[in-house]
Amino acid sequence: MPASAVSRGSTGPVRPPIHHRPGFPAHFTAPYLETWNSPDTLAEVRRNTGLSYFTLAFVVSDGGCNGAFDGTIPVDDPEWLSALRGLRTAGGDAIVSFGGAGGRELAQACDTVSALKAAYRRVVNTLGVTRIDLDIEGAALDDQPADDRRNRALAELQQEYRLVGRPLDVDYTLPVNPWGLSDNGVWLLTNARQHGLDVDVVNVMTMDYGPDLDMGAAAIGAATGLHEQLGRLWPEKSPEQLWAMQGNTPMIGVNDAVNEVFSTEDAARLARFAAEKGIRLLAFWSVGRDRPCAVAGTLSERCSGTAQDPAHFSRILDPFPRTHSRPWTARTPDAFRKTPR
């Protein structure tokens, strides 16, 4: 998915945010929110839409083997930590997404499994997250040594957290065709299984295919093809479990391939399909684009380019009941000290 860069400063380290009500329901919507924009956006969008969950885009290399929002904003930025505390106090939570289309992906920046694992651990512990997303696309997806290193590091980290009773759900977000994943995506997931990584959700980017398509039908076709592929990768799972392992993320409005436009009607079709099938996650790119442009058909980071009301996609792509899973709660800073270092 697209990325942008606007540097913001940090006044230095602060204590990790405390979980007030973390955790995710069986089915939920968590659109991508641009961390290069103001942290105040998190509370503003929650108030305006009723959404409780967001995916923070993106943590990438800061130039070395260390993760930062957009490669420039430290993950211990006080304003972002405060925004996360506010979201959790209100009953919501956030996923942190590593990768994206811009910047250097951490598995490519870190030379060893141990160094990469330490980089992931720093981000997870600082932000207090229990779910992470790996948005792997382009050159990063084709870099098999980096993919293998990432899967090994995450499998080890997941096991370390498990031993101290702390969950770490790992989602993969991958490019997709209207009929399913390409071979490189299948290879990555196969490799993850081989290393014992427990992948909770495979989220597909239903966008930027190239040719003119019915974008709603393409998103549904991609999900149907993915269901068959996941069945071959996880044959022990039931059809219902395989649907519950899926995520679906369109680019709302005008795509980077500007002939492709994902409309509010497409969103409604996808939302109905997701609710009927029991898909785990719906998301979209992006919160900052969920408003009309002054000129229809515009490709912009600030608006969708299609006919819509403000926050229209946020409401349509949220078809799931308002329920919560049993939360994992760290009530004191000591709980964070028990996590692996």
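The values are calculated or read from the model by the stated rules, or taken from the named source; none is laboratory data. Everything numeric in this text was worked out from a predicted model, so none of it was measured. Ideal geometry is used to build each Cβ from the backbone, glycine not excepted, and the neighbour counts take in all protein chains shown.
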query: Which of the residues spanning segment 76-108 are of a type in the set (A, V, I, L, M, F, W, C) and under 16 Å from the mean Cα position of the chain (by Cα)?
result: Leu84, Ala94, Ile95, Val96, Phe98, Ala101, Leu106
task: All but one of (1) surrounded by fewer than 22 Cβ atoms within 10 Å (Cβ to Cβ); (2) part of a helix (DSSP H, G or I); (3) within 20 Å of the chain's Cα centre (by Cα) hold for Ala118, so report the exception by its number.
output: (3)
message: Going through Val186, Val199 one at a time, which residue ends up being surrounded by fewer than 18 Cβ atoms within 10 Å (Cβ to Cβ), in contact with a helix residue (DSSP H, G or I) (Cβ under 9 Å, 6 or more places away or on another chain) and aliphatic (A, V, I, L, M)?
response: Val186
- line: Within segment 212-259, residues more than 18 Å from Ser304 (Cα to Cα), in a loop (DSSP other than H, G, I, E, B) and either modelled with pLDDT under 95 or in contact with a Phe, Trp or Tyr (Cβ under 9 Å, 6 or more places away or on another chain) (or both) come out as Met245
message: Any residue that is within 20 Å of Ala26 (Cα to Cα) and in contact (Cβ under 8 Å) with a residue 60 or more places away in the chain - is there at least one of those in segment 220-238?
response: no
- request: Check Gly99, Gly128 and return the single one that is crowded, with 21+ Cβ neighbours inside 10 Å, in contact with a strand residue (DSSP E or B) (Cβ under 9 Å, 6 or more places away or on another chain) and in contact (Cβ under 8 Å) with a residue 12 or more places away in the chain.
  value: Gly99
- prompt: Considering only segment 52-72, how many residues are surrounded by 23 or more Cβ atoms within 10 Å (Cβ to Cβ), more than 13 Å from the chain's Cα centre (by Cα) and farther than 18 Å from Ala101 by Cα?
  reply: 0
message: Filter segment 47-94 down to the residues that are assigned to a loop (DSSP other than H, G, I, E, B), farther than 22 Å from Met1 by Cα and either of a type in the set (Asp, Glu) or in contact with a strand residue (DSSP E or B) (Cβ under 7 Å, 6 or more places away or on another chain) (or both) and list them by number.
response: Asp76, Asp77, Gly92
- prompt: Mind checking which residues of segment 53-82 are touching a Leu at 6+ places or on another chain (Cβ under 8 Å) and either among the hydroxyl-bearing types (Ser, Thr, Tyr) or under 15 Å from Gly288 (Cβ atoms) (or both)?
  reply: Phe54, Thr55, Leu56, Ala57, Ser61, Phe69
query: Limited to segment 284-300, what total is found for residues that are aliphatic (A, V, I, L, M) and either touching a Leu at 6+ places or on another chain (Cβ under 6 Å) or closer than 14 Å to Thr49 by Cα (or both)?
result: 1
query: Looking at segment 278-292, which of the residues that are part of a loop (DSSP other than H, G, I, E, B) and touching a residue at least 24 places away in the same chain (Cβ under 8 Å) is farthest from Asn203 (Cα to Cα)?
result: Asp290
query: Does Pro178 count as farther than 24 Å from Thr35 by Cβ and either basic (Lys, Arg) or without any contact (Cβ under 8 Å) to a residue 12 or more places away in the chain (or both)?
result: no
message: Can you tell me how many residues within segment 293-322 are charged (D, E, K, R), part of a loop (DSSP other than H, G, I, E, B) and either at pLDDT below 95 or farther than 24 Å from Val199 by Cα (or both)?
response: 4
